[in-house]
Amino acid sequence: MSHKVERDELLKGSFVPRAGLAEAVQSMAGGLIKVVIGPRRAGKSVFALQMLTAATGADFAYVNFDDERLMQPLDLDELLKAMIQVYGDNRTIFFDEIQNVTGWELFVNRLQRRGYNIVLTGSNAHLLSRELSTHLTGRYREFRLLPFSFAEFLAARSFVVDETLAATERQGLILKQLDDFLRIGGFPEVVVRGTEPAGYLTALFDGILFKDVVKRYGVRYSAKLHDVGRWLIGNVAREYTCTSLKNALAFRSVHTVENYVSYLVEAFLFMSVTRYSPKAKVRMSAPRKIYAYDTGMVNAVRFRTGSDAGRLLENLVAVEWYRRGVEFFSYRTGGGKEVDFAVRTISGAFSLFQVCYDLSDAKTRKREFAALAKAADEFGVAGGTVLTWDEEGEELLGDCRILLIPVWKWLLGQTKGNYEV
């Protein structure tokens, strides 16, 4: 089987260690199904190979369901027989891009009951979650893998700060790296191999849209779906409603727009963030905020040109919240002031965060601080945090304590503020 050759070629590569790998390797000792989910080309297959190699010494069966030769409908019992012919009675199996197979969850469930140790990857968040929760309740462990974090980006570039340099010089070097990260993003093909980002990421965006959405869901009007995708990526870190999107793009039905947005979210192109309210009905009807999983893709695909560093920085922070697995919302105060993130802590309390690239303008500073102070009062907390490009310190606005933290320090976990999550 050519997949064995593909596996062996992949195993010859050298790869950037990813966050969570040690935990994933430990999970191989258990009988649960391991599921690695995330965007296409983010490194899920490599992550799975790393965990399998560490646990088994590269002794595992491998099938890649992105292979067009594995046409649907696929006889999975015949596939299992072919795997045994190639790999022998190997009880550790890696199924790559499993969501491409109809009825995969029943097949995997049966193999797991028969004692197979199974690792899956998939590029459709809700499809996997829905089918796993229905058929594999309590019998799987999920790992999220996104494009490189900033720490992984630095590791991929072998970037090490020279500690003999002055503090301002060290910060300047790190900010140069962060500027690059904001511009080209974290997809491994771009960061590690130096692939030109604009062409690669645009093609990846279109490929996901048409391969993972149009074909999977049988979308009849692919051009209209493309319009929705382009509109969303051009408006990251902004609120939207499906009604406003319907009007802007001349759709006939809000329901169609709702479906298209949900398809794009499920395909890991976007995340749609709820505006917080203690009332569930209000949360459901309020405008939501849209974010992409990679700022490099935003820069490559969106129509508008020029710098929009503030919204890109906010997008970067939203992705990091998702990566850390915390529950977060956008928020508007009773007076309509916007706070970028209300983050629910493990205890159930909230921490409040603004993201502001540049606070040097007095009006901007006053607006951002006032919104944070008002929200802190409404949540009954002592203050909040402003994540900035390079400003650091602490200020008081009335009784509200506001921490100013450079976003690079927060991304690298080098802060110990009271309002950290």
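The values are calculated or read from the model by the stated rules, or taken from the named source; none is laboratory data. Note that this is a predicted model, so its numbers are computed, not measured. FYI the Cβ positions are ideal-geometry reconstructions off the backbone, even for glycines, and counts take in every protein chain you see. With ligands, DNA and RNA removed, areas are computed over all heavy atoms of the protein, side chains included. Shrake-Rupley method; radii C 1.70, N 1.55, O 1.52, S 1.80 Å.
Annotations for the structure displayed:
- Residues of the stretch 9-22 classified as touching a residue at least 12 places away in the same chain (Cβ under 8 Å) and either out of contact with any helix residue (DSSP H, G or I) (no Cβ under 6 Å at 6 or more places or on another chain) or farther than 20 Å from GLY185 by Cβ (or both), total: 7
- Test: residue in the stretch 154-170 that is surrounded by 20 or more Cβ atoms within 10 Å (Cβ to Cβ) and out of contact with any strand residue (DSSP E or B) (no Cβ under 8 Å at 6 or more places or on another chain): yes
- Taken across the stretch 161-178, residues that are assigned to a loop (DSSP other than H, G, I, E, B) and either at pLDDT 85 or above or within 18 Å of LEU21 (Cα to Cα) (or both) do not occur at all.
- Options ALA24, ALA42; residue that is touching a strand residue (DSSP E or B) at 6+ places or on another chain (Cβ under 9 Å) and not basic (Lys, Arg): ALA24
- Residue in the stretch 51-59 that is out of contact with any helix residue (DSSP H, G or I) (no Cβ under 6 Å at 6 or more places or on another chain), open to solvent by less than 50 Å² (accessible area, probe 1.4 Å), hydrophobic (A, V, I, L, M, F, W, C) and free of Cβ contacts under 8 Å to residues at least 40 places away in the same chain present: no
- Picking from residues in the stretch 72-105 that are open to solvent by 80 Å² or more (accessible area, probe 1.4 Å) and touching a Phe, Trp or Tyr at 6+ places or on another chain (Cβ under 9 Å), the one that is modelled with the highest pLDDT is ARG91.
- Within the stretch 180-223, the set of residues being part of a loop (DSSP other than H, G, I, E, B) and of a type in the set (Gly, Ala, Ser) comprises GLY185, GLY186, GLY194, GLY218.
- Restricting the stretch 106-125 to residues that are surrounded by 17 or more Cβ atoms within 10 Å (Cβ to Cβ) and of a type in the set (A, V, I, L, M, F, W, C) leaves a set whose member that is farthest from the chain's Cα centre (by Cα) is LEU111.
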